[in-house]
Every structure is written in C-alpha cells, then in structure tokens.
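First the structure, in the form of structure tokens, and then the observations on it.
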Amino acid sequence: MSHLGLYKTKIINANYEVARRALEILAGELKQEIVSEYENRWGVEIKANVGVIPGIADGFGVNIAENELQILGDNFSNKLAFDNARTRFLQLYYAVALNTALQSLGYETGADISSPDTILVIAEEA
C-alpha cells in the first residue's frame with residue numbers, strides 16, 4: 001500500500017524560480033526529468049506546481065502553497081532515496097537562494113556543487 005506524503009519545510013515566502021532551479025539541478029545530478037504531474041505504480045497521483053521527478057522513490061514533487069515550500073512524495077518503495085533527495089533539494093534551494101540574493105546586491109557569484117555533502121558559494125564584488 002502506498003500513500004502520498006506532504007512534508008512541510010521551514011521555508012516561508014518561497015520563491016518559485018529558486019525552487020525550480022534547485023529542482024533542475026537535482027534532476028540533472030540524478031539524470032532524471034521533471035514533469036508537472038505523475039501517477040506512480042501504485043496509482044497515486046502526484047501534482048506539484050514547481051515540478052515532480054518521477055525517478056526518485058515513487059515520485060518526488062516540490063510545491064509552493066500559501067508561500068510555503070512543500071515536498072510531496074510517496075516514499076513507500078525507497079525511503080532512503082526519498083530522504084536523500086529531500087535533503088539534497090533543500091541544500092540546493094539554500095545555495096540558489098544565496099546566489100540570487102548576492103547577485104541582487106551586485107556580486108558576481110558561482111557555486112561548487114560537485115560534493116554531495118557540501119555546497120560552496122563564491123562571491124566577488126563586481
């Protein structure tokens with residue numbers, strides 16, 4: 001049996017562009033695609049306005065509702081993969097948000113995301 005879970009984050013006033021970019025990076029790292037909705041093998045439909053990566057566990061979605069970032073998914077088949085994706089997505093979200101904020105202040109930025117455990121954000125005055 002499988003059920004769709006809603007995992008709230010502590011991120012409020014979530015930014016769609018930042019969330020989408022973080023999801024794109026995660027999908028790229030895992031060589032997966034992003035879709036807007038997905039019905040998994042259990043018949044559970046996952047819809048998310050930022051996107052869904054079907055290849056993580058039984059679906060991993062990111063949604064923004066009432067300015068709050070939410071992660072949707074069905075971790076029944078592979079809880080470890082789902083939890084790892086959730087952790088990595090949040091790391092990427094924070095890094096993209098920091099890059100975006102620094103760029104808005106006039107800094108030239110870059111990031112090293114090659115390590116699965118660390119993200120290094122580099123900023124120089126423009």
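Since every read-out is calculated from the coordinates, none of them should be taken as a lab result. Not measured: the values here are computed from a predicted model. Cβ sites come from the backbone with ideal geometry, for glycine too, and all protein chains shown count toward neighbours.
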Checklist outcome for this item: CD proxy, 222 nm, the chain: helix-only mean residue ellipticity via -39,500 (n - 2.57) per DSSP H run with n ≥ 4, per residue, nearest 500, stands at -11000 deg cm²/dmol
Checklist entry - In degrees from 0 to 90, rounded to the nearest 10, what is the angle of the helix 79-104 Cα long axis to the longest principal axis of the chain? => result 30 degrees
Item to check | Degrees, to the nearest 10: 16-29 long Cα axis against longest axis of the chain | outcome: 70 degrees
Checklist outcome for this item: Length gained, Glu124-Asp112, 0.36 nm per residue minus C-alpha separation, equals 2.9 nm
Item to check | Alpha-carbon gyration tensor eigenvalues x 5, square-rooted, for segment 5-125, Å | outcome: 27, 15, 11
Item to check | Amide hydrogen neighbours beyond the local backbone of Ile46, cut-off 5 Å, H modeled | outcome: Tyr38, Glu39, Asn40
Next on the checklist: Cα atoms only: what Rg and Dmax, in Å, come out for segment 30-81?
Outcome noted: 10.5, 30
Checklist entry - Along the positive direction of the dipole of the chain (beta-carbon charges: Lys, Arg +1; Asp, Glu -1; about the Cα centre), which of Ala27, Thr100, Ala85 reaches farthest? => result Ala85
Next on the checklist: Please compute the modelled spin-label separation between Tyr94 and Ala65, points set 7 Å along Cα→Cβ, answer in nm with one decimal.
Outcome noted: 2.5 nm
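If you filter segment 1-98 for GluC sites (Glu not before Pro), then keep DSSP loop positions with at most 16 other Cβ within 10 Å, what is left?
Glu33, Glu66
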